[in-house]
Amino acid sequence: MGPPPVVTGISPKEGPPGTRVTIRGEFLGISVTDLIGLKICGCDCLLSAEWKSKNKIVARSGPCKGRGDIIVTTKSGGEGTSTVQFRGYHESVGPMKESAVWVEEAAPPSLPWGRRPMSPTAYTPPDPLGLSTEGDDYKFPEEELHELFPDGSGKLSDENFQPGWYLLEHHSNTSYEDLKAGMVFLQRKVEGQKEGQLSFLKANTGAVMDQLDRLVLLKNMYEEDQRKNGREPLPSLQSAIEESISLADSLFSEILSRKENADKTREALSLLTRHKFLFQLPSSIDKNIKKKEYDLVVNDYTRAKNLFGNTDVKLFQKILAEIDKKIEDLKENLFNRMKTMPINVQEQTKYIRLLISLNWDGDAAWTAILSRKDYLMNLMNKVKEHFKKKEEQESNEKGRRKCREWECEGSWSATRADWCGAACGALASELHALWPLARRYFAGELAGQPTLPQRHTDLKEMIIAMVESFSEQMRSCLICTGAGGGAGPGAGGAAGVAADVLRTRLVANLRHLRDAYDSLLKLDLPSQPLSIVEKVIFDYRVHGMTVFLQRAHKRVKGLSEKETWKIEEFSDYGAITNLPHLLESYVNDALSAIHKCVLNSGRRESPLLGAGGEPLAVLQRHTQHTLLAFVSVLRDLTMHHEDQDFNNTSLSVALDQRLEESAVEAVAAGRSWQQRLLVAGANAQYTRRRTLANILTSFENYEMPKPIQAIQATKDELSALEDNIAEMYLEYKGDPLVGTIEPSMYMGRHHTDADTLLDDARPYVYEIINNLIAVHAEVDSVCGAASSRYVRDICETVCEELARLAACAPARSRAAAFQARLEYSLLRLAVADHLTRKAENYLMEALAGLPPLENEEDKNRMDNIIQGFKKRMELQLTSLNCNMETV
């Protein structure tokens, strides 16, 4: 046994007997056969109950009165309960009681204008099996039903009703079990109707007695009337009607006669009016044409054709022929006006409709579309010719070149900006007129005859041709390409334009192109012409980016002319000029202009620097060219020395120089090329270590991909340049210094006793130290902490020369060995902080070729001499082994 039924809601909550009540709740039965009882306010309503689902039952209330529960009984759950109540009441029935019956009124005649009256909805009887067909969309073919039942019908109310037809039409997909349940429902319903008549009479005894009383009252009234008027009241009624008719005729005869005369007069006047209208129509047409009231002309002509189109009267035919001639002239005039440009689309549409109303033989709307297409193409050519002539005039007035170089320089002129704005405005305005006109044409609003299928293809090709013409013109106007491709010549011309003017004109031209593109997007054009315009915008953005990068490249190439060798900053990498800062400034200016002007994408535009795209490769390539151009500038500056005496700075010269004249002033005055060489090396190292890192940060700040390959290539070139500068400095500064060692070593050619030990080194040792001090002072004044590289290289060369001389002339006596060991030791002590592993090996090789000291006396003598050397040369040794800042 399942849960008992529970009624939780009803609609409506009150009503007279026979009210359709929707009952909702839970456990109201699992099928139609499961429902075995339904009482509303104590009245049995099972006969009218329709089981819909386990939560819904529809039934009609019985002759109940007052409030009561709704009790549902099922086989599976037994008798249920109710949480709501229904109130039944009785309505008094009398002859004055309003009837709730829909009275069908006669439908008004169908009119050619306005809305037609809606027919009442046909009544659909409920399914006799009590089965729901909701969700069943399958319909049995009606042709097969006619073949199966030639003389039958599926309507319940027809005399030739066939149950098979009805089942196939409404329950072709219903299962057999459901059909059996429907059969049981139908049988119970029929038996309930048979048994329910007597119970209905018993339950409604009061109403039946009331009806019998009314029938008795009607019978008494009928008998009373029969006593008064007899058994045959119709003859007296007929005579009364005839008498009233004759009296009415006598009263209204004069009025009717006047009405008849008025109708005849009105008909005659109408005939005269029509004839007058026809005779005056030619002059009326001329007047309306002069006033441009073409609608009146069309209406009058149509009326004349309707009234006299089929006349056989010669006079009327002659007048109609004259009217037809005027109408033909009007057609030709309207046609010429329609295709004469410029004309707004509203007026053109008006002429098309007039031509269609006048039965124009051709396709007026298509002709209008073609005329607009031709007008746009001619307008674009006129715009181009106008601004070309204007450019030539400006060129002649200013005496400039008329070759291609002038054209490229003019691509950033104000004339080109005006040209771009005029062309974009012409394209947008004319397509805004042509495209809606074409859409209305293909929608059938402006087509006097069916449109040809080929016209769709023709229109598409027409739109593409117009957009391609615009694209080519904008490329020739804004994007000046050289023989080598890209935007090389155009960038050269752009370099002569002020940066602010260049950015302003680029943004203005880009705004014109995007406004035109947005206007085309609003028209909902096909994707192909839109992609053509979007490609022009994209290429112009790439062109703008290229121009800014090439402008920076040209400015960097001109840095050699701006180098004054004035020290701007003492950095960790030495004294630098303004060149690295100018490089960073030029690159930042280019990146800033690109970010502000062309980097951001507009509506439905492709990103400029998408992954793997050509613009990204252009950015990387031009960035590398710009950075390598800076390396070339530094290389050219190092090679330009005007054959100066490179090795003209000795210790004596340095000491004789005025103390107040600093090394910076000497560099700024251009007195020493070797100092300029060192400054160039410091610039290269500062650029490699600091400036390139700042440029990478700038790329990141401006939301652009980092040029890793370009930076690495520039670093490699700068490293190679630093090596070349070091080699050059060593060649021109170290080689002369090394060349003085051997002559100084044997200067005077003094011969000492083989057993006599000297107390000091020969003069060449002090000359070497003094020369190294002079080199160190010069390098440290420019390179600072980076000066050790140059001193190490020269020290290494000196050590190599000493090792060579030691191998060529070995010391054979005790005194000579002592002297050589003393000199090598003093040099090793002097340059200890600048010795490389290679230089150390050279000195060890020279010392290894000498015999060792034989006794402690020689060793002590050696130590005393070295200590005395340290005291005497303390200032020189400190200068050589420390930075100038420490001194």
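The values are calculated or read from the model by the stated rules, or taken from the named source; none is laboratory data. Being a predicted model, the structure only gives us computed values, none of them experimental. Cβ placement follows ideal geometry from the backbone for every residue including glycine, while neighbour counts extend to all protein chains displayed. To get the accessible areas, we keep the full protein, side chains included, count just its heavy atoms, and leave off ligands, DNA and RNA. Shrake-Rupley method; radii C 1.70, N 1.55, O 1.52, S 1.80 Å.
Considering region 530-553, and only residues there that are buried (at least 21 other Cβ atoms within 10 Å of the Cβ) and without any contact (Cβ under 8 Å) to a residue 60 or more places away in the chain, the residue that is nearest to D636 (Cα to Cα) turns out to be F548. Just one of G9, G18, G2, G29 is touching a residue at least 24 places away in the same chain (Cβ under 8 Å), part of a loop (DSSP other than H, G, I, E, B) and more than 23 Å from A181 (Cα to Cα); which is it? Only one candidate qualifies: G18.
Filtered by the rule that a residue be among the small types (G, A, S) and at pLDDT 75 or above, region 721-745 gives a lone residue, A726. Listed by first and then second residue, the pairs with beta-carbon distance under 6 Å, at least 6 apart or on different chains, first residue in region 313-325 and at pLDDT 90 or above, second among the basic types (K, R) and open to solvent by 60 Å² or more (accessible area, probe 1.4 Å), form an empty list. Of the residues L627, L634, the single one that is at pLDDT 85 or above, among the aliphatic types (A, V, I, L, M), in a helix (DSSP H, G or I) and over 30 Å from G739 (Cβ atoms) is L627. The set of residues in region 844-861 that are open to solvent by less than 50 Å² (accessible area, probe 1.4 Å) and closer than 22 Å to C808 by Cβ comprises A846, L847, L850.
Selection within region 26-49: residues that are at negative phi and within 59 Å of the chain's Cα centre (by Cα). The member of this set that is least open to solvent (accessible area, probe 1.4 Å) is L28. If we keep just the residues of region 153-168 that are assigned to a loop (DSSP other than H, G, I, E, B) and touching a strand residue (DSSP E or B) at 6+ places or on another chain (Cβ under 7 Å), which is surrounded by the fewest Cβ atoms within 10 Å (Cβ to Cβ)? Filtering region 153-168 for residues that are assigned to a loop (DSSP other than H, G, I, E, B) and touching a strand residue (DSSP E or B) at 6+ places or on another chain (Cβ under 7 Å), the one surrounded by the fewest Cβ atoms within 10 Å (Cβ to Cβ) comes out as N160.
For region 554-570, enumerate the residues that are open to solvent by less than 100 Å² (accessible area, probe 1.4 Å) and touching a residue at least 24 places away in the same chain (Cβ under 8 Å). Matches in region 554-570: R555, V556, L559, S560, E563, T564, W565, I567. Out of curiosity, is I319 in contact with a Phe, Trp or Tyr (Cβ under 7 Å, 6 or more places away or on another chain) and of a type in the set (A, V, I, L, M)? So I319 passes the test.
Per-residue answers, yes or no, for (1) modelled with pLDDT under 85; (2) open to solvent by less than 80 Å² (accessible area, probe 1.4 Å):
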| site | (1), (2) |
| --- | --- |
| Q393 | yes, no |
| G425 | no, yes |
| S429 | no, yes |
| F442 | yes, yes |
| P450 | yes, no |
| C477 | yes, yes |
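Test N204 against the stated conditions and say whether it is under 30 Å from P17 (Cβ atoms), open to solvent by less than 100 Å² (accessible area, probe 1.4 Å), at pLDDT 85 or above and not hydrophobic (A, V, I, L, M, F, W, C). When the stated conditions are applied, N204 does not pass them. Number of residues in region 329-348 that are of a type in the set (S, T, N, Q) and open to solvent by less than 10 Å² (accessible area, probe 1.4 Å): the value is 1.
Do we find a residue being assigned to a helix (DSSP H, G or I) and modelled with pLDDT of 80 or more anywhere in region 777-784? No, the conditions are met nowhere in region 777-784. If the condition is being at negative phi, open to solvent by 50 Å² or more (accessible area, probe 1.4 Å) and not acidic (D, E), then region 607-619 contributes P607, A611.
Listed here are the residues, each with its yes/no results for (1) assigned to a helix (DSSP H, G or I); (2) over 18 Å from W360 (Cα atoms); (3) not hydroxyl-bearing (S, T, Y).
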position	(1), (2), (3)
K292	no, yes, yes
D295	yes, no, yes
R303	yes, no, yes
F316	yes, yes, yes
K326	yes, no, yes
L330	yes, no, yes
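Among the residues making up region 789-816, those that are open to solvent by 40 Å² or more (accessible area, probe 1.4 Å), over 20 Å from P736 (Cβ atoms) and assigned to a helix (DSSP H, G or I) are A807, C808, R814. Residues that are touching a residue at least 12 places away in the same chain (Cβ under 8 Å) and among the hydrophobic types (A, V, I, L, M, F, W, C) within region 326-351 comprise I327, L330, L334, F335, M338, M341, V345, listed in sequence order.
So, in region 746-769, of the ones that are touching a Leu at 6+ places or on another chain (Cβ under 8 Å) and surrounded by 18 or more Cβ atoms within 10 Å (Cβ to Cβ), which residue ends up modelled with the lowest pLDDT? Of everything passing the filter in region 746-769, A761 is modelled with the lowest pLDDT.
Residue-by-condition table, conditions (1) closer than 19 Å to N770 by Cα; (2) surrounded by 16 or more Cβ atoms within 10 Å (Cβ to Cβ); (3) of a type outside the set (S, T, Y):
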position	(1), (2), (3)
Y842	no, yes, no
D863	no, no, yes
E874	yes, no, yes
N881	yes, yes, yes
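Conditions first: (1) open to solvent by 10 Å² or more (accessible area, probe 1.4 Å); (2) under 16 Å from A617 (Cα atoms). D518 passes all but one, so which condition is the exception? D518 satisfies every listed condition except (2). Among the conditions (1) modelled with pLDDT of 85 or more; (2) open to solvent by less than 50 Å² (accessible area, probe 1.4 Å); (3) under 28 Å from C783 (Cα atoms), G574 misses just one, which is (1).
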